[in-house]
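So the structure is just underneath, and the comments pick up after that.
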Amino acid sequence: MVPGSFLQRRGAALFGYVGFILLGWSGLLLPSLIRSIEHDFGQSDAGIGVLYFLTAASYAAGSFGGGVLVERYGWRPVLGVATLLSAFGLAIQGFVPSWELFLLASLPRGLGSGAVDGGGNGLFLDLYPTGRGRALNLLHLFFSLGAFASPLVVGQLVDARAPWQAILVLSGLAWLPLAALLWIADLPGHRPAGGTQGRAPLRPLLPLLLLGTAIATYVGAEIGVSNWLVRFLDAAPLTVATLALALFWGGLTLGRLLSAVVADRFDHASFAIASTLVASIALVAAILVPVLPVAIALFAFVGFAFGPVYPLIMALAGERFPSRAAAVSGFLAGTSVVGSIVYPPVAGFLSVTIGLSIAMLGMAVLGFICAGALLVLATRTAPASSGQVAFGSSVPNAGGPGGGSDR
């Protein structure tokens, strides 16, 4: 078998895995470089909060828009443009001389990354119509691997006096081969949305709203911890603080690896509820414990417990809206960013008023709200039947990589 045929047959899954490694790596660059960025641009935590807000808002726009555009134009052009935007935004952030231009460059970066996130989840829902818990946990395992490696590597590079701008530029260039892979891979077929049947009745909006609430509050908690953990451990050396962040994402990685093995043996909603509750309780303990090594260990455990939640919410969405993988995954990926738009930036302003510890306790509250939304979802709604038209269309599921090509 020649390499080209392998890339054609497995390229769609490979795009997802590599793309999510880069998403995880890129997403942890700003938290890992927060001290250097604040110092060089003369910014406070409030200024970093603005940066997080702009990045998250553009990420949400990319996620929402990406799902809709995929249904109109297909996977290849939408994801291709998204990878190029991610590369461009990161590279430009490494070159700009002013804070205003740095903020501006966060917009194309966020748009591209958001579209890759939402599109990648939808792509895997199409590729794997069965065993979605395992497939999505594996996909997000690669996100966690990138996020785990980023603070470890970046912390060591910055400690060795490497220019943080060069780290951003090289990270942007790493996206370019991924765009080329899309033109080789055999992707699921492109079927425009809007079939002959009318929109589904109002009743399916309840699971959609509950899933949106759950994923938004979960991401608000997860990204809140991720964005502010290095700053929260300000009294510790940078290498120790970035190690704690890496261990948090290492825990997420292990949690998703374990979930990929066992998730489909259990009810997805119950598994996600239990994971969220355990993580939220552990987060409260990690924030309040006064002993640094114990706090770091608890943050790692928080990551482990949080690990399965996001992919399981996506799997639940696939079960309840099986015919609109691109649209519902884009919607949820965009909705998830609402959590990172609202709370992590607000935490920056709370930090300079009532203290970062109080702000981080709010992230645990978000976890409890997520568990509550999932509990209502599990008790008040049921998965869609195979013939149900969900989320407003009768578009069939692709069923896997062999389901046609949009080239």
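If N is the number of residues in segment 53-201, what value comes out of its Cα radius of gyration divided by 2.2 N^0.38 Å? Don't skip to the end; give the middle numbers.
On the way: Rg = 17.3 Å, N = 149, 2.2 N^0.38 = 14.7 Å.
It is 1.18.
Quick one: Kirkwood hydrodynamic radius for segment 303-346, alpha-carbon pairs, angstrom, one decimal? After inverting the pairwise mean of 1/r, the radius is 11.5 Å.
Projecting the Cα atoms of THR130, GLY118, VAL70 onto the charge dipole of segment 65-133 (Cβ charges, centred on the Cα centre) puts THR130 farthest toward the positive pole.
The stretch between TYR73 and PHE95 holds 4.6 nm of extra length on full extension. This uses 0.36 nm per residue minus the Cα-Cα distance.
Check every DSSP H run in the chain and write down those whose alpha carbon atoms cover 20 angstrom or more along the long axis and whose mean Kyte-Doolittle hydropathy is 0.5 or greater.
Values: long enough: 3-27 (32 Å, 0.62); 45-73 (40 Å, 0.79); 75-93 (27 Å, 1.24); 99-127 (41 Å, 0.63); 132-159 (41 Å, 0.93); 205-232 (39 Å, 1.35); 238-262 (36 Å, 1.74); 268-288 (31 Å, 2.02); 292-306 (21 Å, 2.46); 325-351 (39 Å, 1.40); 356-380 (37 Å, 2.04).
TM-like helix candidates: 3-27, 45-73, 75-93, 99-127, 132-159, 205-232, 238-262, 268-288, 292-306, 325-351, 356-380.
Sparsely packed loop sites in segment 129-184 (the chymotrypsin sites (Phe, Trp or Tyr not before Pro) outside DSSP H, G, I, E and B with at most 13 other Cβ atoms within 10 Å) comprise TRP183. Charged side chains reduced to their Cβ positions (Lys and Arg at +1, Asp and Glu at -1) give the chain a dipole of some 880 debye around its Cα centre. Neighbour counts of C-beta atoms inside 10 Å place ARG161, ARG320, ARG109 in the sequence ARG161, ARG320, ARG109, starting with the fewest. Largest GNM mean-square fluctuation across SER171, SER270, SER340, computed for the chain with C-alpha springs under 10 Å, falls on SER270.
Nearest 500 deg cm²/dmol is fine: what mean residue ellipticity at 222 nm does the chain get from its DSSP H runs of n ≥ 4 alone, each adding -39,500 (n - 2.57), divided by its residue count?
Details: 16 runs with 312 residues, N = 407.
That calculation yields -26500 deg cm²/dmol at 222 nm.
So for VAL230, VAL352, VAL337, fewest C-beta neighbours within 10 Å to most, what's the order? Walk me through the numbers on the way to the answer.
Values: VAL230 24, VAL352 13, VAL337 30.
Ranked by crowding around the Cβ, least crowded first: VAL352, VAL230, VAL337.
Each label was represented as a point 7 Å from its Cα along the Cα-to-Cβ direction; for THR379 and VAL50 these points are 4.5 nm apart. In a GNM of the chain with a 10 Å cut-off on Cα contacts, which of ALA246, ALA115, ALA236 has the highest mean-square fluctuation? With Cα springs under 10 Å in the chain, the top fluctuation among ALA246, ALA115, ALA236 is at ALA236. Highest mean first, the peptides 55-67, 257-269, 369-381 sorted by other C-beta atoms within 10 Å per residue fall in the order 55-67, 369-381, 257-269. On the beta carbon distance between LEU361 and LEU170, with R0 = 41 Å, the FRET formula returns roughly 0.65. Between ARG161 and LEU292, the modelled labels are 2.4 nm apart [label points 7 Å from Cα along Cα→Cβ].
Beyond 25 Å, what share of the Cα-Cα pairs of segment 217-367 remains, rounded to the nearest whole percent?
Percentage above 25 Å: 29.
Just need log10 I(q)/I(0) for the chain at q = 0.06, 0.09, 0.10 Å⁻¹, Debye formula, equal scatterers on the alpha-carbon atoms, no solvent, rounded to two decimals. The calculated log intensity ratios at q = 0.06, 0.09, 0.10 Å⁻¹ are -0.21, -0.49, -0.61.
Throughout, read-outs are computed from the coordinates displayed, never taken from laboratory work. Computed from a prediction, not measured in an experiment: that's the story for all the values here. All Cβ positions, even for glycine, are placed from backbone atoms using ideal geometry, and neighbour counts span all protein chains on display.
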